[in-house]
Amino acid sequence: MKRTIRDFKLENKKVIVRCDFNVPIENGAITDDSKIKAHLETIKYIIDRNGKVILLSHLGRIESEGDKQKYSLKPIAIRLSELLDRDVKFVPETKGDLVYEAVANMRNGEIIMLENTRFEDLDGKKESKNNIELSKYWASLGNIFINDAFGTSHRAHASNVGIASNLESGIGFLIEKELNNLEPIIKNPKRPFMVILGGKKVSDKIGVINNLVTVADKIIVGGAMCFTFLKAKGYNVGQSLVEDEQIDFCKKVLELHSDKIILPQDINVSLEYSPTVTGRIVDIANINYNEMGLDIGPQTINLYKSILRNAKTVIWNGPMGVCEFNKFNIGTKSLCEALSKQKITVVIGGGDSAAFVKQFGYQDKFTHVSTGGGATLELLEGKALPGIAVIPEK
Ligand code: ADP
Ligand code: MG
């Protein structure tokens, strides 16, 4: 068990909290604040115990001076202040006199937020390359470090691994919740354990497939990913998205685990990739050379639902079709609806997957919707996440 925020005396302490405030921003306005809300519990816990909160986060990628205005954390500080109904002092620097003064004058229960950690990437990628001086400098600002940024925990950056290497540290409530939900499933799932895999690329998910195929009882495949598998089985998939360089990988997985991998029987195909076209349902053997598969078909939906009916645990990563288009989100929506009615453990992982579950209104219907994206995938691959590995066990 990792040391957590509960294991520290927080009164009078300056607590550096690494958050993942990497929210979508359009024209200066935050379009979805759920990533900010996800950290409220950790922040409130410190304030309630008379600690002092120093918040760090990245936002976007900073590759030139021009990116700085677009990716300032100031709007996040304003939104957080509204959500907490208390002051959040924004310091528009990542180091230097302003930071020194703000930190030196903190009172118990006060919250400050420094500017985007990735502003330090303009100076030799110090944040992203886990620069030692920068890590030590940030660590010197506080007494305790809490890593609560699950979404960046698969990266070894100065603001997570760097600080944790130089200061007493633990994980916050968000990371704890992610680990509590994800780890038991990967290590000791209630069976039958079924994995639904979809989304765009086989190549993005090779690690996940390799790891989960040994643990899972069934892997149910949809999304564009199914076409590389179908092509590996000799089907003509027309203009569907295929990764030819992954065909050998798919062949091997099918050879070794033919009983576990479940592929579609029919597909909703279209002549073009467009939100306005209406698809045609075809058997996987009858996809024309000029057609592309954009969703799984009704027979497949029924097959997948009937298999999933026996599951005790389900992990789902990647949509079954182009769920951005209303006419091709039927597979994804149908499985959401079916799973939401089963009283079993259902965990959703992956950036786009979490987004569609939320968009369709199912986020509260499942056991857990992971906030992680890449970090969740790496955990499902069985990899250690450096931002968490660096935190001591208790
Ligand atoms: P996640 O972020 O949850 O890991 P991915 O990034 O792997 O998921 O995949 C999401 C994307 O996959 C979506 O943008 C969706 O449009 C796309 N996708 C799903 N099925 C298809 C398909 N049949 N053809 C093209 N794109 C697809
Ligand atoms: Mg994605």
Electrostatic dipole magnitude of the chain [Cβ: Lys, Arg +1; Asp, Glu -1; Cα centre; debye, to 20]
1200
How much of the DSSP bridge set in the chain is antiparallel, in percent, rounded to the nearest 5?
25
Each residue of the range 320-333 in order: what ³J(HN,Hα) in whole Hz does its phi give by Karplus 6.51 cos²θ - 1.76 cosθ + 1.60, θ = phi - 60°, with x for Gly and Pro?
7, x, 6, 6, 6, 9, 3, 6, 10, 9, 5, x, 4, 5
Can you put Ser159, Ser169, Ser340, Ser128 in order, fewest other beta carbons within 10 Å first?
Ser340, Ser128, Ser169, Ser159
Which is the longest part of the chain that has none of the GluC sites (Glu not before Pro) sitting in a DSSP loop with at most 14 other Cβ atoms within 10 Å?
94-271
Taking the range 1-40, which trypsin sites (Lys or Arg not before Pro) meet the DSSP loop condition and have no more than 13 other C-beta atoms within 10 Å?
Lys9
Using the number of other C-beta atoms within 10 angstrom as an exposure proxy, rank Ile146, Ile132 with the fewest first.
Ile132, Ile146
Mind listing the long-range amide H neighbours of Thr4? Cut-off is under 5 Å, sequence gap 5 or more, other chains count too, H placed in the peptide plane at 1.01 Å from N.
Ile171
Vicinal HN-Hα couplings computed from phi for the range 125-134 (Karplus, 6.51 cos²θ - 1.76 cosθ + 1.60; Hz; Gly/Pro x)
6, 4, 5, 5, 9, 6, 4, 5, 4, 5
Please report the antiparallel percentage of the DSSP beta bridges confined to the range 2-116, to the nearest 5.
15
Testing the spin-label approximation: label points 7 Å from Cα along Cα→Cβ at Leu98 and Asn286. State their distance in nm.
6.6
Give me the net charge of Tyr137's neighbourhood, meaning all other residues with Cβ under 11 Å from the Cβ of Tyr137; Lys, Arg count +1, Asp, Glu -1.
+1
In debye to the nearest 20, the charge dipole size for the range 272-394, taken about the Cα centre with +1 at each Lys and Arg Cβ and -1 at each Asp and Glu Cβ, equals 580
In deg cm²/dmol, rounded to the nearest 500, the helical mean residue ellipticity at 222 nm of the chain, built from -39500 (n - 2.57) for every DSSP H run of length 4 or more, is -9500 deg cm²/dmol
Write out the trypsin sites (Lys or Arg not before Pro) in the range 91-153 meeting two conditions: DSSP loop, and at most 12 other Cβ atoms within 10 Å of their Cβ.
Arg107
Antiparallel DSSP bridges in the range 254-392: what percent, to the nearest 5?
55
Taking the Cα atoms only, what angle lies between the long axis of helix 202-215 and the longest principal axis of the chain, rounded to 10 degrees?
90
Size of the dipole of the range 43-164 about the Cα centre, Lys and Arg at +1 and Asp and Glu at -1 on the beta carbon, nothing else charged, in debye to 20?
280
Beyond 35 Å, what share of the Cα-Cα pairs of the chain remains, rounded to the nearest whole percent?
34
Karplus 3J(HN,Hα) series, Hz, for the range 271-282 with 6.51 cos²θ - 1.76 cosθ + 1.60 (x for Gly, Pro)
7, 9, 8, 8, x, 9, 6, 9, x, 10, 8, 9
Of the trypsin sites (Lys or Arg not before Pro) in the range 39-71, those whose Cβ has at most 14 other Cβ within 10 Å and which sit in DSSP loop
Arg61
Once amide H atoms are built 1.01 Å from N in the peptide plane, which residues 5 or more positions from Leu55, or in another chain, come under 5 Å H to H?
Val17, Ile112, Met113, Leu114
Relative contact order of the range 260-394, please, whole-number percent, based on alpha carbon pairs below 8 angstrom and at least 6 residues apart.
18
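Where a number appears in this text, it was derived from the coordinates with a stated rule and is not lab data. Small disclaimer: the values here were computed from a predicted structure and weren't measured. Here Cβ is always computed from backbone atoms with ideal geometry, including for glycine, and neighbour counts include all displayed protein chains.
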